[in-house]
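As structure tokens, the structure follows; a few thoughts come after it.
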Amino acid sequence: MDVRAEDVRAVDVRAVDVRSVYPSYRLLDPPGSFHAPSLRADALQPVRPTLPTSRSVMRIRLSPLALLFALGCASAPQTIAPAPTPEPNTQSVVAAPVSPTAPPSAPISEAPDDWQLLDLSADRVPGIGARRAERELLANRAPARTIVVAVIDGGVDTAHVDLRANLWRNPGEVAGNAKDDDGNGYSDDTYGWNFLGAPTGENVDWDTLELTREHVRCMRSGTAADSAARAQCADVARDFEAKRAELQQTAMQIQMIDGTYTRTVNILGTVLPADSLTSARVTALKPANDSVRAARDLFLRMAASGIDGTALADARKDVTGRLEYGLNVDFTPRTIVGDDPANLTERRYGNRDVTGPDAKHGSHVAGIIGAVRGNDTGIDGVARTVKLMVVRAVPNGDEHDKDIASAIRYAVDNGAQIINMSFGKDYSPHKAAVDDAVRYADARGVLMIHASGNDGKNLAEVKNFPTPVYLDGTRAVNWIEVGASSWKGGAALAAPFSNYGKAQVDVFAPGVDILSTVLGGGYGRESGTSMAAPVVSGLAAVLMSYFPTLTAADVKQVILESSTRYADTMVVRPGTDGEQVPFGSLSSTGGVVNLYAAVKAALARSGAVQ
């Protein structure tokens, strides 16, 4: 399943309950006719959802409203806090950067469109300093090479005006001639390859959750003689039923929130044209009565949390799909592909359609890495001299281990220097096959960037596959595990949905309210570790492009050691009601990636003088 998820649109909350991927809330007032008391600030109160007792079903592909049921807890906009005094890192080869001290600034109520590229010291926004690095450090330098970044995801819009110039094109393939011109085993793989399609062109859209597939396997195996296997199947069955109950409850909550949103819009529509209900116009509205005032306040809280008609429609579609397909024990879309799912060494299957039926998530990820810069259109990606190789292996639902292993090998064999992996799941029945592929990439010096997941969990306690730790306990060298940070800074620096782990997550990166490319030529904001990982992939591509002598291991070291350290900053622990912990307890570095500092470190390594 991918971190797509139409990931999470993050919320600014006072007491958000993110102990589940789907926090559930109840209306204090029953659904019915709209009246002002229904819109008071505490109209939605958290209810602890029923969760699996063994381990929750971890999904990185989250509904757009995964955290938005915290609506009633929405807080006022926060001021970005100045950076703390940095934690010294006397053991690093590359000195950790000094955290800049931001000058006093006015509070901002929403993220700037390019906030992930901005700089705390220069712009008062805790981004990665990409624009500052380009302006101050790279302006008179030419990149030495173009870097190929493989985007293993659910597909990418190859026609998007802000992406197509930066798409990788297979130099040995003649497009559309139905031949394998370069002899790599994949016919017409012009932009990459799709491991979720049939030779006829038909594609898998929805697939089941890995939990469902494990549940089916247990049901078919009958009563296992082995006590450990029986216990495992009992856990799977319990998790399966808990997940179904959770999604059913979520569907009801979406319906109630949708009703509240509709009533709010209808009230505001009596004083403003329906097509002009923007945050700016509603903020400027001078209510003539309590009903309009309550509607205005709730609309603005909804808007600040990312709730609108489109988000609600996406959430309904997502949850409905998971109930109808993801948890359907009789649903078998894999027959479309025509491969032998049990043959884990089979790699020559699929088709050339790298867009597929739902490329929203993959297009967003691709744009963060390498949307065309300086074209006065849409957005700028982090990296300028980059080519995006599209490898479709992540459906709506959970990805198959076989497809991920095949996708990693395809990327490596066709020249990718970086692999972005914004997906994850809680079960990996064929982890050995994925481990072998990761070893294959690691041995060939390919840097793998993986999103840590959006469950607000400690990865020391739960799993999010794939992982850099092999079954034998050894670990991949060229792997970076990424958590998500927020533009709000201060106590809200860690995104409330981000997974974390002192030994499991390497570093954090911007992943809240990120504006990027979406399917159909447009742009949209998404939040999730799915968005944080490509920020790091783009940063790595910049370093590899300007400093070609750096190996993948060197680039990883520079990225981690140059991250801006917030180790002592007290932040709200993701997934809690407000419990504060040192930011340094959430990752091995206690830092947020910083391209400006990374370029300075790379220049120092090369002996250049600034």
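With contacts taken as Cα pairs under 8 Å and at least 6 residues apart, the stretch 380-509 reaches a relative contact order of 22 percent. Charge dipole (Cα centre; +1 on Lys/Arg Cβ, -1 on Asp/Glu Cβ; no other charges) of the stretch 97-214 amounts to roughly 760 debye.
Backbone amide hydrogens, once placed in the peptide plane, bring ILE147 within less than 5 Å of VAL386, LYS387, excluding anything fewer than 5 places away on its chain.
With the simple model of a label 7 Å out from the Cα in the direction of the Cβ, ASN375 to SER585 spans 4.6 nm. Compared with the alpha-carbon gap, the fully stretched path from ASN177 to SER109 is longer by 19.2 nm at 0.36 nm per residue.
For the stretch 108-187, averaging the sequence separation of C-alpha pairs within contact (under 8 Å, six or more residues apart) and dividing by the residue count gives a relative contact order of 12 percent.
Listed by chain and number, the aspartates and glutamates whose alpha-carbon sits under 12 Å from that of LYS402, ignoring those within fewer than 8 places in the same chain, are ASP339, ASP340, GLU346, ASP435, ASP436. Full extension of the chain segment joining THR332 with ASN184 gains 50.3 nm, where the gain is 0.36 nm per residue of separation less the Cα-Cα distance. With the Cα gyration tensor of the stretch 412-454 giving a ≥ b ≥ c as the square roots of its eigenvalues, does the rule (a/c under 1.5 for rounded; else a/b larger than b/c for prolate; else oblate) give rounded, prolate or oblate? It is oblate, given that a/c is not under 1.5 and a/b is not larger than b/c. Solvent-accessible area per residue in the stretch 479-610 equals 24 Å², computed with a 1.4 angstrom probe and all protein chains kept.
If R0 is 22 Å, the Cβ-Cβ spacing of GLU461 and ASP436 corresponds to a FRET efficiency of close to 0.25.
Projected label points at ALA274 and ARG141, each 7 Å from Cα along the beta carbon direction, are separated by 5.5 nanometres. Pairs of Cα atoms nearer than 8 Å and 6+ residues apart set the relative contact order; for the stretch 133-269 it is 11 percent. Per-peptide packing, taken as the mean over residues of other Cβ atoms within 10 Å, places 550-558, 210-218 in the sequence 210-218, 550-558 from highest down.
Distances between every pair of Cα atoms in the stretch 247-320, grouped in 10 Å steps from 0 to the bin holding the largest one, split as 19, 51, 23, 7 percent. Think of each Lys and Arg Cβ as +1 and each Asp and Glu Cβ as -1; about the Cα centre, that makes the dipole of the stretch 427-471 roughly 40 debye. Inter-part distance, the stretch 132-204 to the stretch 276-336, computed on C-alpha centroids, equals 33 Å.
For the residue pairs LYS243/LYS463; LYS387/LYS463; LYS317/LYS556; LYS425/LYS502; LYS360/LYS425; LYS431/LYS457, the alpha carbons lie more than 27 Å apart in LYS387/LYS463; LYS317/LYS556.
For the stretch 433-438, the Karplus equation 6.51 cos²θ - 1.76 cosθ + 1.60, evaluated at θ = phi - 60°, returns couplings of 5, 5, 4, 4, 5, 5 Hz by residue, with Gly and Pro reported as x.
Extension gain, ARG293 to ALA159: 0.36 nm times the residue separation minus the Cα-Cα distance gives 43.8 nm.
Accessible surface area normalised per residue over the stretch 215-340 is 50 Å², counting heavy atoms of protein chains with a 1.4 Å rolling probe. Return the tail of the calculated pair distribution for the stretch 382-531, meaning the percent of Cα-Cα pairs more than 26 Å apart. Tail of P(r) above 26 Å: 25 percent of Cα pairs. Quick one: pull the percentage of alpha-carbon pairs in the stretch 209-336 with a separation above 22 Å. For the stretch 209-336, the share of Cα pairs beyond 22 Å comes to 55 percent. What you get for the stretch 277-375, charging only the Cβ of Lys and Arg (+1) and of Asp and Glu (-1), is a dipole of about 580 debye around the Cα centre.
The values are calculated or read from the model by the stated rules, or taken from the named source; none is laboratory data. Model, not experiment: these values are computed from the prediction. As a convention, Cβ positions derive from the backbone with ideal geometry for all residues, glycine included, and neighbour counts pool all protein chains shown. Surface areas here come from the heavy atoms of the whole protein model, side chains and all, with no ligands, DNA or RNA. Shrake-Rupley method; radii C 1.70, N 1.55, O 1.52, S 1.80 Å.
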